[in-house]
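Below is one structure; the comments refer to it alone.
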Amino acid sequence: LSYRKLLHHLHKTEFFYSIPMDGNRAEDGMGLRYRFGYECSLDRRAIASYLDNLPCSVLEMMVALSIRCEEMMEDPEAGDRTGLWFWNMIVSLNLGSMDDQRFDRVYTNDILGRFLNRKYAPNGEGGLFTVRNSRYDLRSVEIWYQMNWYLDENF
């Protein structure tokens, strides 16, 4: 299966936030640009001139958050699970069925609007992380805490 259309759409969608600390997630996502630039031997000034003026995309934020998950949950026996963390977020968002054959732009926009405007379920379902036994309404909690509670509950 290919998810190229979904990934492209996530990359075209700006990540915006209403909880100030979620700005850290945007910063992490934008930091990936520098990581990419260094790996491609680009000059820091070139990276800044081309990429610093662009807002963080939902894709960049999710990839950076997946990397953070893996850094926290690193397990040599399990191997690199960065893709697993990313896919779990896709599933929690209810976008797992959006492969290239079934990609629906209107549906995906509705899902992303719900996520970005924090209109998902109190337990996080429809957002990045579903925490079944949450004592808190995840719609009012920064993404970092949601991720940690999700990891604590499931791993």
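Values in this text are rule-based calculations from the coordinates and carry no lab data. All of these numbers come straight from a predicted model, not from anything done at the bench. We place every Cβ from the backbone using ideal geometry, glycine too, and count neighbours over all the protein chains shown.
Scan the stretch 75-155 for GluC sites (Glu not before Pro) in coil per DSSP, keeping those whose Cβ has at most 14 other Cβ atoms within 10 Å, and list them by number.
E77
Just from its helices, what would the mean residue ellipticity at 222 nm be for the chain, if runs of 4 or more DSSP H residues each count -39500 (n - 2.57) and the sum is divided by every residue, rounded to the nearest 500 deg cm²/dmol?
Details: 7 runs with 85 residues, N = 155.
Dividing the helical sum by the residues of the chain leaves -17000 deg cm²/dmol.
Could you tell me how many degrees, from 0 to 90 and to the nearest 10, lie between the Cα long axis of helix 82-92 and the main elongation axis, the longest principal axis, of the Cα atoms of the chain?
Compared with the principal axis, the helix lies near 50 degrees.
So what's the stretch 48-130 giving for Cα Rg divided by 2.2 N^0.38 Å, two decimals? Don't jump to the answer; show the numbers that get you there.
Numbers: Rg = 14.5 Å, N = 83, 2.2 N^0.38 = 11.8 Å.
Dividing the Cα radius of gyration by 2.2 N^0.38 Å gives 1.23.
Can you tell me which of L84, L54, L138 moves the most in a GNM of the chain? Springs connect C-alpha atoms under 10 Å apart.
L54
For the stretch 104-116, what does the Karplus curve 6.51 cos²θ - 1.76 cosθ + 1.60, with θ = phi - 60°, yield as ³J(HN,Hα) per residue in whole Hz, taken in order and with x for Gly and Pro?
Going residue by residue, I get 10, 4, 5, 4, 4, 4, 4, 4, 5, x, 4, 4, 5 Hz, with x marking Gly and Pro.
Would you grab the residues whose amide H sits under 5 Å from the one on G127? Only those 5+ places off in sequence or on another chain, please, with H modelled 1.01 Å from N.
HN-HN under 5 Å from G127: A121.
What fraction, in whole percent, of alpha-carbon pairs in the stretch 1-44 exceed 14 Å separation?
Percentage above 14 Å: 64.
Can you divide the C-alpha Rg of the chain by 2.2 N^0.38 Å and report the result to two decimal places?
It is 1.05.
Looking at the chain as a GNM with Cα springs under 10 Å, which of N94, N53, N133 has the largest mean-square fluctuation?
Residue with maximal mean-square fluctuation among N94, N53, N133: N53.
Give me the number: length gained by fully extending L84 to D52, i.e. 0.36 nm times residue separation minus the C-alpha to C-alpha distance, one decimal in nm.
Using 0.36 nm per residue and subtracting the Cα-Cα distance, I get 8.7 nm.
At most 12 other Cβ atoms within 10 Å plus a DSSP loop assignment makes a site exposed; report the longest stretch of the chain without any exposed trypsin sites (Lys or Arg not before Pro).
My reading of the result: 1-101 is the longest stretch.
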